[in-house]
Each structure stands twice: as structure tokens, then as C-alpha cells.
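Following: one structure in C-alpha cells, then a few remarks.
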Amino acid sequence: MRSQPAGHGWASSKILVADFSRSGNTRVIAGTLAQQLGADLFEIRPERPYPDDYEETVSQATRKRDSGFEPPLEAEVTDVGAYDTVFLGLPIWGETAPPVIHSLLRAHDLTGKALRPFITHGGYGPGSRMAVLADHAPGARILLARTPD
């Protein structure tokens, strides 16, 4: 049985925290959030990892973004239909969501689910991530993430 923080209205909700992180920053936040909410945690990984070299990663991500390529996932969420709420952690790359986030959203039907994005970025701000989420998860209720007190 997982514990839920009092006063957040999620006691009867099944929660997933899914994240993609290149540097580990987004992963730390996702782990803390999952622990605080008593949620399941899923690490989003492309089938072929991004290069270790930062500049190579930027170049590859830019090419994939510009071509519309959505990389295959290493794994998919088992029974995403069982979740009521999905917290989605992602870094902002080139002022938008990384291509692997597009892949995750296309691979899972989030219709009717609360989708609560949280981001990390190196100074670019939120970018176009909300447009990406709306386009790739059209049936989800996209809500601003709120974290436990």
C-alpha cells in the first residue's frame, strides 16, 4: 500500500511519475515527487541512448526535431490505463520537448487522464512544451503540476 500526503485529494488516485532526464536533474525531481505522492515511477528512455557528449546530443536532438523523427522507446508503461494522473518530467531542449517525449505520448493513450508536466531547463524557460503536450496527448487534461507542501 502506498502512502499519500494528506490534503491533496489524491488518496484514491493511482499516480504515475514518468520522466526523461539526460543529466539526472529531472530524474531527481521525479524521484522525490514519486516518493512524496506514493506514486509509481517510470524512466523514459529511447531504445538507442543519446550520446554521452553534450554537443553531439544537441546536434542529434535538433536533427530529429527538425525531421519530425520520434525515436522508439526502450520500454512502454505497463497498463497506463490504470493511472488517473500522470506527472511528466522533461527537460527543455532547443525551446521544446525532446523527441523521446513525443514518442512516449504517441505510444500511450492518456485520454481522460490528468497530465501534470514539470520541466527543467538551462535558462530557456518553458518553451513550446505545452503545445507539444496538447498535440501529442489530445485527450488528456493538461494541468499545471503542483507538488506536495
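The values are calculated or read from the model by the stated rules, or taken from the named source; none is laboratory data. Keep in mind that what you see is a predicted model, and the values were worked out from it rather than measured. Quick reminder, even Gly has a Cβ in these numbers, built from the backbone with ideal geometry, and neighbours come from all protein chains shown. We work out accessible area using only protein heavy atoms, side chains counted, and drop any ligands, DNA or RNA first. Shrake-Rupley method; radii C 1.70, N 1.55, O 1.52, S 1.80 Å.
Quick notes on this structure:
- Counted as qualifying within region 42-137 are the helices (runs of 4 or more DSSP H) with 2 or more residues that are under 16 Å from residue 17 (Cβ atoms) and modelled with pLDDT of 85 or more, namely 99-107.
- Of the residues in region 47-67, at least one is open to solvent by 40 Å² or more (accessible area, probe 1.4 Å), in contact with a Leu (Cβ under 7 Å, 6 or more places away or on another chain) and closer than 21 Å to residue 136 by Cβ.
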